[in-house]
Amino acid sequence: MKNAAKTGIEDAIVAWIDANRTAGIRLLQELVQTPSYSGKEGRGDDPTTVAGRVFEAARSHGSRVETQVVRPESENVIEVIEGPGKRAVVLEAHTDTVPEGDPRLWHDGKPFSGAEGFVEYLGDRRVAVEVAGGHYEAGIRDRMARIWELRKEKRLPIVYGRGSCDNKGPVVSTVMALGALAAALNATGGQLAGSVIGAYSVDEETNATGIKSFTCGPDSWLGRQGFLGGPVDGEGFLKEVNGIAMDGSYGWVPIVGHRGSVQFELRTRGRSAHAATPHLGASATELMAILLLHLRKSEERMRGQLLAWLEQSLLGPPTFAIGTTIVGGGIQAVAMTEEGPRVERTGVNAVPNWCQATIDIRFPPSYELSLADTVDSIKRVIEAALQEVPLADGWSWELITLGYDPPVALARNFDEAARLPLVKVARNRAAQILGFEPHLETAPGGTDATFMIHEGRIPTLVEFGPAGALSHDNHEYVEVDSVIDGAKILALTTLDLLGLAD
(Lines give C-alpha, C1' and ligand atoms only; values in the text may rest on other atoms or scores of the structure.)
Protein backbone atom coordinates (compact mmCIF):
# COMPACT_ATOMS: atom_id res chain seq x y z
CA MET A 1 0.00 0.00 0.00
CA LYS A 2 2.83 2.38 0.78
CA ASN A 3 4.29 1.92 -2.71
CA ALA A 4 0.91 2.72 -4.25
CA ALA A 5 0.63 5.82 -2.06
CA LYS A 6 4.10 6.95 -3.08
CA THR A 7 3.30 6.46 -6.76
CA GLY A 8 0.19 8.56 -6.35
CA ILE A 9 2.21 11.35 -4.73
CA GLU A 10 4.84 11.15 -7.49
CA ASP A 11 2.15 11.52 -10.17
CA ALA A 12 0.60 14.45 -8.30
CA ILE A 13 3.99 16.18 -8.02
CA VAL A 14 4.66 16.01 -11.75
CA ALA A 15 1.10 17.08 -12.61
CA TRP A 16 1.24 20.11 -10.30
CA ILE A 17 4.54 21.33 -11.73
CA ASP A 18 3.32 20.93 -15.30
CA ALA A 19 0.13 22.82 -14.45
CA ASN A 20 2.11 25.65 -12.82
CA ARG A 21 4.79 26.01 -15.50
CA THR A 22 3.59 29.43 -16.67
CA ALA A 23 3.40 30.76 -13.11
CA GLY A 24 6.89 29.48 -12.44
CA ILE A 25 8.32 31.25 -15.47
CA ARG A 26 6.55 34.45 -14.48
CA LEU A 27 8.05 34.23 -10.97
CA LEU A 28 11.48 33.67 -12.49
CA GLN A 29 11.12 36.79 -14.63
CA GLU A 30 9.93 38.85 -11.67
CA LEU A 31 12.89 37.74 -9.57
CA VAL A 32 15.37 38.61 -12.33
CA GLN A 33 13.69 42.01 -12.76
CA THR A 34 14.21 42.69 -9.04
CA PRO A 35 17.88 43.45 -8.25
CA SER A 36 19.11 41.69 -5.11
CA TYR A 37 22.71 42.59 -4.43
CA SER A 38 24.38 40.87 -1.49
CA GLY A 39 23.09 42.40 1.73
CA LYS A 40 20.19 44.08 -0.06
CA GLU A 41 17.93 41.11 -0.82
CA GLY A 42 15.11 42.70 1.16
CA ARG A 43 12.65 41.65 3.84
CA GLY A 44 9.89 39.09 3.75
CA ASP A 45 7.26 41.75 4.48
CA ASP A 46 8.29 43.91 1.49
CA PRO A 47 6.77 42.45 -1.70
CA THR A 48 8.89 44.76 -3.89
CA THR A 49 12.07 42.86 -2.92
CA VAL A 50 13.30 39.41 -3.85
CA ALA A 51 12.94 38.21 -0.26
CA GLY A 52 9.36 39.48 -0.23
CA ARG A 53 8.51 37.84 -3.56
CA VAL A 54 9.93 34.51 -2.42
CA PHE A 55 8.09 34.79 0.91
CA GLU A 56 4.76 35.36 -0.84
CA ALA A 57 5.34 32.50 -3.30
CA ALA A 58 6.23 30.10 -0.47
CA ARG A 59 3.30 31.20 1.69
CA SER A 60 0.88 30.36 -1.13
CA HIS A 61 1.73 26.67 -0.57
CA GLY A 62 0.01 26.64 2.82
CA SER A 63 3.20 25.50 4.56
CA ARG A 64 5.04 27.11 7.45
CA VAL A 65 7.04 30.12 6.24
CA GLU A 66 9.18 32.48 8.30
CA THR A 67 12.07 34.87 7.94
CA GLN A 68 15.41 35.11 9.69
CA VAL A 69 16.94 38.56 10.00
CA VAL A 70 20.56 38.63 8.87
CA ARG A 71 20.84 42.39 8.32
CA PRO A 72 18.22 45.16 8.49
CA GLU A 73 17.48 44.82 4.75
CA SER A 74 18.57 41.24 4.29
CA GLU A 75 16.48 38.29 5.47
CA ASN A 76 16.62 34.56 4.90
CA VAL A 77 13.26 33.10 3.92
CA ILE A 78 12.62 29.62 5.33
CA GLU A 79 9.77 27.30 4.30
CA VAL A 80 9.05 24.06 6.14
CA ILE A 81 6.78 21.14 5.27
CA GLU A 82 6.81 19.40 8.62
CA GLY A 83 7.00 15.70 9.28
CA PRO A 84 7.59 13.69 12.44
CA GLY A 85 10.91 13.62 14.29
CA LYS A 86 14.16 15.31 13.34
CA ARG A 87 14.79 13.70 9.96
CA ALA A 88 15.11 16.42 7.34
CA VAL A 89 16.12 17.36 3.84
CA VAL A 90 17.41 20.91 3.39
CA LEU A 91 17.00 22.47 -0.06
CA GLU A 92 19.13 25.63 -0.03
CA ALA A 93 19.24 28.35 -2.69
CA HIS A 94 20.76 31.80 -2.28
CA THR A 95 18.84 34.90 -3.36
CA ASP A 96 21.63 37.42 -3.92
CA THR A 97 23.51 38.20 -7.11
CA VAL A 98 26.75 39.86 -8.11
CA PRO A 99 26.53 43.39 -9.58
CA GLU A 100 25.63 43.73 -13.24
CA GLY A 101 28.74 45.65 -14.31
CA ASP A 102 28.58 48.06 -17.24
CA PRO A 103 24.91 48.09 -18.32
CA ARG A 104 25.88 49.08 -21.87
CA LEU A 105 27.28 45.58 -22.40
CA TRP A 106 23.84 43.98 -21.91
CA HIS A 107 21.10 43.75 -24.51
CA ASP A 108 19.36 47.14 -24.86
CA GLY A 109 21.31 48.33 -21.80
CA LYS A 110 18.99 46.37 -19.48
CA PRO A 111 20.78 43.83 -17.28
CA PHE A 112 17.59 43.05 -15.33
CA SER A 113 15.15 42.67 -18.21
CA GLY A 114 14.13 39.09 -17.42
CA ALA A 115 13.28 38.80 -21.11
CA GLU A 116 12.49 35.47 -22.72
CA GLY A 117 14.69 34.33 -25.57
CA PHE A 118 16.64 31.37 -26.88
CA VAL A 119 20.10 29.87 -26.63
CA GLU A 120 21.61 27.83 -29.45
CA TYR A 121 24.65 25.61 -29.12
CA LEU A 122 27.16 26.37 -31.88
CA GLY A 123 29.64 23.64 -30.99
CA ASP A 124 33.22 24.03 -29.82
CA ARG A 125 32.09 25.38 -26.42
CA ARG A 126 30.22 28.34 -27.89
CA VAL A 127 26.59 29.45 -27.73
CA ALA A 128 24.46 32.14 -29.35
CA VAL A 129 22.11 34.02 -27.03
CA GLU A 130 19.06 35.46 -28.77
CA VAL A 131 16.90 38.01 -26.95
CA ALA A 132 14.45 40.59 -28.34
CA GLY A 133 16.19 40.78 -31.71
CA GLY A 134 19.69 40.74 -30.24
CA HIS A 135 22.23 38.03 -31.10
CA TYR A 136 25.29 37.49 -28.90
CA GLU A 137 27.89 34.75 -29.12
CA ALA A 138 29.94 33.66 -26.13
CA GLY A 139 32.11 30.85 -24.85
CA ILE A 140 30.85 28.55 -22.11
CA ARG A 141 32.53 26.23 -19.63
CA ASP A 142 33.74 22.83 -20.78
CA ARG A 143 31.36 21.21 -18.28
CA MET A 144 28.32 22.89 -19.84
CA ALA A 145 29.50 22.09 -23.34
CA ARG A 146 29.62 18.44 -22.31
CA ILE A 147 25.91 18.61 -21.41
CA TRP A 148 25.05 20.14 -24.79
CA GLU A 149 26.83 17.28 -26.51
CA LEU A 150 24.54 14.80 -24.71
CA ARG A 151 21.35 16.51 -25.88
CA LYS A 152 19.31 16.11 -29.01
CA GLU A 153 18.04 19.69 -28.82
CA LYS A 154 20.48 22.41 -29.80
CA ARG A 155 18.16 25.41 -29.33
CA LEU A 156 16.24 25.99 -26.12
CA PRO A 157 14.13 28.74 -24.46
CA ILE A 158 15.76 30.93 -21.82
CA VAL A 159 15.18 33.79 -19.42
CA TYR A 160 17.86 36.48 -19.74
CA GLY A 161 19.40 38.84 -17.19
CA ARG A 162 21.68 39.24 -14.23
CA GLY A 163 21.01 36.54 -11.69
CA SER A 164 18.90 34.37 -13.99
CA CYS A 165 21.28 31.41 -13.68
CA ASP A 166 23.03 32.45 -10.47
CA ASN A 167 20.74 32.17 -8.66
CA LYS A 168 17.12 33.03 -9.49
CA GLY A 169 16.56 29.91 -11.61
CA PRO A 170 17.54 27.57 -8.75
CA VAL A 171 15.35 29.59 -6.36
CA VAL A 172 12.33 29.03 -8.62
CA SER A 173 13.08 25.31 -8.99
CA THR A 174 13.13 25.05 -5.20
CA VAL A 175 9.95 27.10 -4.69
CA MET A 176 8.12 24.96 -7.24
CA ALA A 177 9.45 21.71 -5.73
CA LEU A 178 8.08 22.63 -2.30
CA GLY A 179 4.83 23.82 -3.84
CA ALA A 180 4.43 20.50 -5.63
CA LEU A 181 5.23 18.49 -2.49
CA ALA A 182 2.76 20.48 -0.40
CA ALA A 183 0.00 20.16 -3.00
CA ALA A 184 0.61 16.44 -3.63
CA LEU A 185 0.64 15.56 0.07
CA ASN A 186 -2.52 17.56 0.66
CA ALA A 187 -4.30 15.97 -2.29
CA THR A 188 -3.39 12.41 -1.34
CA GLY A 189 -3.45 12.72 2.45
CA GLY A 190 0.16 11.58 2.65
CA GLN A 191 2.80 12.70 5.13
CA LEU A 192 6.57 12.71 4.77
CA ALA A 193 8.55 10.75 7.34
CA GLY A 194 10.51 13.88 8.17
CA SER A 195 10.64 17.57 7.30
CA VAL A 196 11.68 19.28 4.10
CA ILE A 197 13.15 22.72 4.60
CA GLY A 198 13.49 25.27 1.82
CA ALA A 199 16.17 27.78 2.81
CA TYR A 200 16.42 30.89 0.64
CA SER A 201 19.57 32.44 2.04
CA VAL A 202 21.24 35.80 1.53
CA ASP A 203 24.76 37.05 0.92
CA GLU A 204 26.28 33.94 -0.67
CA GLU A 205 28.31 35.97 -3.14
CA THR A 206 30.25 37.95 -0.53
CA ASN A 207 30.37 37.00 3.16
CA ALA A 208 28.03 33.97 3.39
CA THR A 209 26.26 35.54 6.37
CA GLY A 210 22.94 34.00 5.32
CA ILE A 211 24.03 30.38 5.32
CA LYS A 212 26.09 30.89 8.47
CA SER A 213 23.02 32.26 10.29
CA PHE A 214 20.97 29.34 9.02
CA THR A 215 23.44 26.47 9.49
CA CYS A 216 26.46 27.20 11.63
CA GLY A 217 26.36 26.48 15.35
CA PRO A 218 23.75 25.97 18.07
CA ASP A 219 22.36 29.49 17.64
CA SER A 220 21.71 29.02 13.92
CA TRP A 221 18.19 28.40 12.68
CA LEU A 222 18.84 24.69 12.24
CA GLY A 223 20.52 24.53 15.63
CA ARG A 224 17.63 26.21 17.44
CA GLN A 225 15.18 23.85 15.74
CA GLY A 226 17.15 20.84 16.96
CA PHE A 227 18.22 19.53 13.55
CA LEU A 228 21.97 19.64 14.27
CA GLY A 229 21.92 17.47 17.37
CA GLY A 230 21.06 14.05 15.98
CA PRO A 231 23.16 10.89 15.66
CA VAL A 232 26.34 11.04 13.57
CA ASP A 233 28.38 8.55 11.59
CA GLY A 234 32.02 7.62 12.06
CA GLU A 235 33.19 10.80 10.33
CA GLY A 236 30.94 13.05 12.39
CA PHE A 237 28.26 13.69 9.76
CA LEU A 238 24.59 13.74 10.70
CA LYS A 239 22.75 10.54 9.82
CA GLU A 240 19.21 11.94 9.67
CA VAL A 241 19.72 15.17 7.73
CA ASN A 242 20.67 15.60 4.07
CA GLY A 243 21.22 18.78 2.11
CA ILE A 244 21.28 19.98 -1.48
CA ALA A 245 22.79 23.35 -2.37
CA MET A 246 21.04 24.74 -5.43
CA ASP A 247 23.12 26.88 -7.72
CA GLY A 248 23.12 27.69 -11.41
CA SER A 249 24.85 24.63 -12.78
CA TYR A 250 24.97 22.02 -15.53
CA GLY A 251 21.39 20.85 -15.85
CA TRP A 252 20.97 18.72 -12.70
CA VAL A 253 24.30 16.97 -12.86
CA PRO A 254 25.22 16.09 -9.25
CA ILE A 255 28.22 18.14 -8.14
CA VAL A 256 30.32 16.29 -5.57
CA GLY A 257 33.08 18.73 -4.74
CA HIS A 258 34.64 22.12 -5.27
CA ARG A 259 38.07 23.54 -4.72
CA GLY A 260 38.93 25.77 -1.80
CA SER A 261 39.77 29.42 -2.30
CA VAL A 262 42.26 31.85 -0.86
CA GLN A 263 42.50 35.54 -1.65
CA PHE A 264 45.68 37.53 -1.26
CA GLU A 265 46.24 41.25 -1.43
CA LEU A 266 49.48 42.36 -3.04
CA ARG A 267 50.59 45.82 -1.92
CA THR A 268 53.32 47.74 -3.68
CA ARG A 269 55.00 50.90 -2.48
CA GLY A 270 56.98 53.48 -4.42
CA ARG A 271 58.16 57.07 -4.21
CA SER A 272 56.06 60.03 -5.33
CA ALA A 273 57.38 62.61 -7.76
CA HIS A 274 56.02 65.18 -10.16
CA ALA A 275 54.87 63.59 -13.41
CA ALA A 276 57.11 66.02 -15.28
CA THR A 277 60.14 64.44 -13.59
CA PRO A 278 59.21 60.73 -13.35
CA HIS A 279 62.85 59.69 -13.04
CA LEU A 280 62.87 61.17 -9.53
CA GLY A 281 60.10 58.82 -8.40
CA ALA A 282 59.42 55.09 -8.22
CA SER A 283 56.02 54.12 -9.61
CA ALA A 284 54.14 51.65 -7.44
CA THR A 285 51.78 50.83 -10.32
CA GLU A 286 54.71 50.00 -12.59
CA LEU A 287 56.04 47.59 -9.97
CA MET A 288 52.58 46.06 -9.63
CA ALA A 289 52.39 45.46 -13.38
CA ILE A 290 55.80 43.77 -13.38
CA LEU A 291 54.91 41.55 -10.42
CA LEU A 292 51.53 40.47 -11.78
CA LEU A 293 52.99 39.65 -15.19
CA HIS A 294 55.76 37.64 -13.53
CA LEU A 295 53.19 35.65 -11.54
CA ARG A 296 51.23 35.03 -14.72
CA LYS A 297 54.32 33.64 -16.45
CA SER A 298 55.17 31.53 -13.39
CA GLU A 299 51.79 29.79 -13.08
CA GLU A 300 52.78 26.36 -14.40
CA ARG A 301 55.84 26.20 -12.18
CA MET A 302 53.87 27.30 -9.11
CA ARG A 303 51.13 24.79 -9.89
CA GLY A 304 53.68 21.99 -9.98
CA GLN A 305 55.07 23.09 -6.63
CA LEU A 306 51.62 23.13 -5.03
CA LEU A 307 50.76 19.66 -6.31
CA ALA A 308 53.55 18.24 -4.16
CA TRP A 309 51.02 18.25 -1.28
CA LEU A 310 47.61 18.83 -2.91
CA GLU A 311 45.42 15.95 -4.14
CA GLN A 312 43.95 16.70 -7.57
CA SER A 313 42.31 13.34 -8.41
CA LEU A 314 38.74 14.59 -7.78
CA LEU A 315 38.86 18.38 -7.98
CA GLY A 316 41.66 18.97 -10.45
CA PRO A 317 44.76 21.16 -10.10
CA PRO A 318 44.90 24.63 -8.53
CA THR A 319 44.15 27.70 -10.63
CA PHE A 320 45.41 31.27 -10.38
CA ALA A 321 43.41 34.43 -11.08
CA ILE A 322 46.04 37.15 -11.09
CA GLY A 323 44.93 40.74 -10.50
CA THR A 324 41.21 40.18 -9.88
CA THR A 325 41.06 43.78 -8.64
CA ILE A 326 43.62 46.56 -8.94
CA VAL A 327 43.71 50.17 -7.75
CA GLY A 328 46.40 52.71 -7.08
CA GLY A 329 47.68 56.25 -7.20
CA GLY A 330 45.05 58.93 -7.03
CA ILE A 331 41.96 56.74 -7.46
CA GLN A 332 39.31 57.89 -4.98
CA ALA A 333 36.17 56.01 -6.06
CA VAL A 334 34.60 54.10 -8.95
CA ALA A 335 30.85 54.15 -9.66
CA MET A 336 28.91 52.26 -12.32
CA THR A 337 26.57 54.43 -14.39
CA GLU A 338 24.48 53.89 -17.51
CA GLU A 339 27.39 55.38 -19.46
CA GLY A 340 29.81 52.92 -17.94
CA PRO A 341 32.35 53.17 -15.09
CA ARG A 342 32.90 56.65 -13.67
CA VAL A 343 36.27 57.05 -11.95
CA GLU A 344 36.92 59.78 -9.42
CA ARG A 345 40.63 60.51 -9.42
CA THR A 346 43.15 63.08 -8.34
CA GLY A 347 46.88 63.44 -8.70
CA VAL A 348 47.10 62.47 -12.37
CA ASN A 349 50.21 64.66 -12.52
CA ALA A 350 52.07 62.64 -9.89
CA VAL A 351 54.01 59.37 -9.90
CA PRO A 352 51.94 57.03 -7.70
CA ASN A 353 53.49 55.80 -4.48
CA TRP A 354 50.97 52.99 -3.77
CA CYS A 355 49.07 50.26 -5.57
CA GLN A 356 47.03 47.26 -4.43
CA ALA A 357 45.81 44.20 -6.32
CA THR A 358 44.16 40.92 -5.38
CA ILE A 359 45.00 37.34 -6.33
CA ASP A 360 42.45 34.51 -6.13
CA ILE A 361 43.70 30.93 -5.98
CA ARG A 362 41.44 27.85 -6.07
CA PHE A 363 42.94 24.66 -4.71
CA PRO A 364 42.08 20.98 -4.12
CA PRO A 365 42.45 19.43 -0.65
CA SER A 366 45.57 18.27 1.09
CA TYR A 367 45.16 15.08 3.07
CA GLU A 368 48.43 15.76 4.87
CA LEU A 369 48.22 19.43 5.89
CA SER A 370 45.61 21.35 7.83
CA LEU A 371 43.70 24.06 5.99
CA ALA A 372 45.71 26.81 7.69
CA ASP A 373 49.01 25.09 6.83
CA THR A 374 47.83 24.59 3.24
CA VAL A 375 47.10 28.30 2.89
CA ASP A 376 50.47 29.22 4.42
CA SER A 377 52.21 26.89 1.98
CA ILE A 378 50.41 28.49 -0.97
CA LYS A 379 51.43 31.92 0.28
CA ARG A 380 55.07 30.86 0.51
CA VAL A 381 55.02 29.64 -3.10
CA ILE A 382 53.60 32.99 -4.27
CA GLU A 383 56.10 34.96 -2.22
CA ALA A 384 59.01 32.92 -3.57
CA ALA A 385 57.96 33.78 -7.13
CA LEU A 386 57.58 37.47 -6.27
CA GLN A 387 61.05 37.54 -4.73
CA GLU A 388 62.51 36.64 -8.13
CA VAL A 389 61.69 40.16 -9.39
CA PRO A 390 64.55 42.64 -8.81
CA LEU A 391 63.48 45.84 -7.04
CA ALA A 392 64.59 49.31 -8.09
CA ASP A 393 65.40 51.97 -5.50
CA GLY A 394 62.21 53.05 -3.72
CA TRP A 395 60.19 49.92 -4.55
CA SER A 396 58.81 47.41 -2.03
CA TRP A 397 55.94 44.95 -1.81
CA GLU A 398 53.94 42.97 0.74
CA LEU A 399 51.58 39.99 0.38
CA ILE A 400 48.60 39.84 2.77
CA THR A 401 46.16 36.94 3.22
CA LEU A 402 42.62 38.33 3.01
CA GLY A 403 40.66 35.16 3.67
CA TYR A 404 40.10 31.60 2.64
CA ASP A 405 37.49 28.86 2.45
CA PRO A 406 38.11 25.11 2.52
CA PRO A 407 37.70 22.74 -0.41
CA VAL A 408 34.87 20.22 -0.37
CA ALA A 409 35.26 16.66 -1.60
CA LEU A 410 32.44 14.22 -0.86
CA ALA A 411 34.85 11.40 -1.69
CA ARG A 412 38.41 10.91 -2.91
CA ASN A 413 37.31 10.02 -6.45
CA PHE A 414 34.20 9.83 -8.64
CA ASP A 415 33.70 6.09 -8.14
CA GLU A 416 33.46 6.52 -4.40
CA ALA A 417 31.18 9.53 -4.77
CA ALA A 418 28.80 7.62 -7.05
CA ARG A 419 28.17 5.10 -4.27
CA LEU A 420 27.03 7.69 -1.72
CA PRO A 421 23.28 7.30 -0.97
CA LEU A 422 22.48 10.99 -1.49
CA VAL A 423 24.28 11.03 -4.83
CA LYS A 424 22.60 7.82 -6.00
CA VAL A 425 19.09 9.09 -5.22
CA ALA A 426 19.59 12.47 -6.89
CA ARG A 427 21.23 10.90 -9.92
CA ASN A 428 18.45 8.34 -10.39
CA ARG A 429 15.70 10.96 -10.21
CA ALA A 430 17.58 13.25 -12.59
CA ALA A 431 17.91 10.36 -15.06
CA GLN A 432 14.16 9.70 -14.83
CA ILE A 433 13.25 13.29 -15.72
CA LEU A 434 16.08 14.11 -18.13
CA GLY A 435 15.98 10.85 -20.08
CA PHE A 436 19.67 10.08 -19.57
CA GLU A 437 21.82 9.32 -16.56
CA PRO A 438 23.91 12.38 -15.73
CA HIS A 439 27.57 11.94 -14.96
CA LEU A 440 29.10 13.42 -11.82
CA GLU A 441 30.98 16.68 -11.81
CA THR A 442 32.87 19.08 -9.59
CA ALA A 443 32.37 22.84 -9.44
CA PRO A 444 35.07 25.39 -10.21
CA GLY A 445 33.85 27.74 -7.45
CA GLY A 446 32.45 27.44 -3.95
CA THR A 447 28.84 27.26 -2.79
CA ASP A 448 26.94 27.48 0.49
CA ALA A 449 27.43 23.72 0.77
CA THR A 450 30.88 24.52 2.16
CA PHE A 451 29.27 25.64 5.41
CA MET A 452 26.53 23.01 5.43
CA ILE A 453 29.21 20.32 5.22
CA HIS A 454 32.09 21.70 7.29
CA GLU A 455 30.10 23.58 9.94
CA GLY A 456 26.66 21.92 9.97
CA ARG A 457 28.11 18.44 9.32
CA ILE A 458 25.25 17.80 6.91
CA PRO A 459 25.88 15.42 3.98
CA THR A 460 25.20 17.83 1.12
CA LEU A 461 25.32 17.84 -2.66
CA VAL A 462 27.76 20.62 -3.35
CA GLU A 463 25.73 21.95 -6.27
CA PHE A 464 22.65 20.80 -8.12
CA GLY A 465 20.81 23.16 -10.39
CA PRO A 466 19.38 24.15 -13.75
CA ALA A 467 21.43 24.66 -16.87
CA GLY A 468 22.50 28.12 -17.91
CA ALA A 469 25.65 30.09 -18.50
CA LEU A 470 27.54 33.35 -18.25
CA SER A 471 26.95 33.89 -14.54
CA HIS A 472 29.12 36.78 -13.33
CA ASP A 473 29.33 37.83 -17.00
CA ASN A 474 27.27 39.74 -19.53
CA HIS A 475 24.28 38.03 -21.21
CA GLU A 476 23.66 35.64 -18.31
CA TYR A 477 20.77 33.27 -18.93
CA VAL A 478 19.04 30.21 -17.52
CA GLU A 479 17.25 27.51 -19.50
CA VAL A 480 13.50 27.55 -18.83
CA ASP A 481 12.89 23.83 -19.35
CA SER A 482 15.74 23.01 -16.98
CA VAL A 483 14.21 25.16 -14.23
CA ILE A 484 10.89 23.32 -14.57
CA ASP A 485 12.48 19.87 -14.86
CA GLY A 486 14.54 20.65 -11.79
CA ALA A 487 11.46 21.25 -9.67
CA LYS A 488 10.36 17.69 -10.44
CA ILE A 489 13.80 16.28 -9.72
CA LEU A 490 14.07 18.07 -6.37
CA ALA A 491 10.58 17.11 -5.21
CA LEU A 492 11.01 13.44 -6.17
CA THR A 493 14.50 13.28 -4.66
CA THR A 494 13.14 14.68 -1.40
CA LEU A 495 10.33 12.12 -1.42
CA ASP A 496 12.88 9.31 -1.82
CA LEU A 497 15.20 10.61 0.89
CA LEU A 498 12.48 11.07 3.51
CA GLY A 499 9.94 8.42 2.52
CA LEU A 500 6.38 8.38 3.85
CA ALA A 501 5.25 8.22 7.46
CA ASP A 502 3.40 5.10 8.56
Original post:
Over region 45-101, what percent of the accessible surface lies on carbon and sulfur atoms, probe 1.4 Å?
Top reply: 51 percent
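Only sites in a loop by DSSP and with at most 12 other Cβ atoms within 10 Å count here; which GluC sites (Glu not before Pro) in region 387-427 make the cut? List each step's numbers first, then the result.
Values: sites: E388, E398, E416; in loops: E388.
Here the sparse-neighbourhood loop sites are E388.
Using a 1.4 Å probe, what is the accessible area per residue for region 6-104, in Å²?
Result: 42 Å² per residue.
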**OP:** Hey, could you get me the Stokes-Einstein D for the chain, Kirkwood radius over alpha-carbon pairs, 4 °C and 1.567 mPa s, rounded to whole µm² s⁻¹?
**Re:** 54 µm²/s
**OP:** Find the accessible area per residue for region 259-338; the probe is 1.4 Å, ligands and nucleic acids are left out, and the unit is Å².
**Re:** 51 Å²
Original post:
Taking only Cα atoms, what is the 0 to 90° angle, nearest 10, from helix 50-59's long axis to the longest principal axis of the chain?
Top reply: 10 degrees
**OP:** With no solvent and one equal point scatterer placed on each C-alpha of region 50-100, evaluate the Debye formula and give log10 I(q)/I(0) for q = 0.23 Å⁻¹, two decimals.
**Re:** -0.98
**OP:** Would you calculate the volume per residue, in Å³, of the smallest convex hull containing every Cα atom of region 289-347?
**Re:** 136 Å³
**OP:** Treating cross-link reach as a plain straight distance, find the aspartates and glutamates whose alpha-carbon is under 14 Å from the alpha-carbon of K488, omitting any fewer than eight places away in the same chain.
**Re:** E10, D11, D18, D496
Original post:
Give or take rounding to whole Å, what are the principal axis extents of the alpha carbon atoms in region 462-502, in descending order?
Top reply: 51, 22, 8
Original post:
When the Cα centres of region 341-392 and region 1-23 are compared, how far apart do they sit, in Å?
Top reply: 53 Å
**OP:** Show me 152-165, 460-473, 370-383 ranked by packing, highest mean number of other Cβ atoms within 10 Å first.
**Re:** 460-473, 152-165, 370-383
Original post:
Of the accessible area of region 117-207, with the probe set at 1.4 angstrom, what percent is carbon plus sulfur?
Top reply: 43 percent
**OP:** Could you state, as a whole-number percent, how many of the C-alpha pairs of region 212-255 are farther apart than 14 Å?
**Re:** 61 percent
Original post:
Separation of region 124-183 and region 200-240 by C-alpha centroid, Å?
Top reply: 29 Å
Original post:
Taking K297 as the anchor, which lysines have their alpha carbon closer than 28 Å to its alpha carbon, excluding any fewer than eight residues away along the same chain?
Top reply: K379
**OP:** Determine the per residue accessible area of region 122-206 with all protein chains present and a 1.4 angstrom probe, expressed in square angstrom.
**Re:** 35 Å²
Subject >> Principal-axis tilt of helix 284-297 within the chain, Cα atoms, nearest 10 degrees >> reply: 60 degrees
Original post:
Using only Cα atoms, what Kirkwood radius does region 301-422 have, in angstroms?
Top reply: 17.9 Å
Subject >> Selected from G445, L192, L422, residue furthest toward positive end of dipole (the chain; charges at beta carbon) >> reply: L422
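The values are calculated or read from the model by the stated rules, or taken from the named source; none is laboratory data. Predicted model only: the values in this text are computed from it and were never measured. Note: ideal-geometry Cβ built from the backbone for every residue, glycine included; neighbour counts use all protein chains shown. Accessible surface areas use protein heavy atoms only, side chains included; no ligands, DNA or RNA. Shrake-Rupley method; radii C 1.70, N 1.55, O 1.52, S 1.80 Å.
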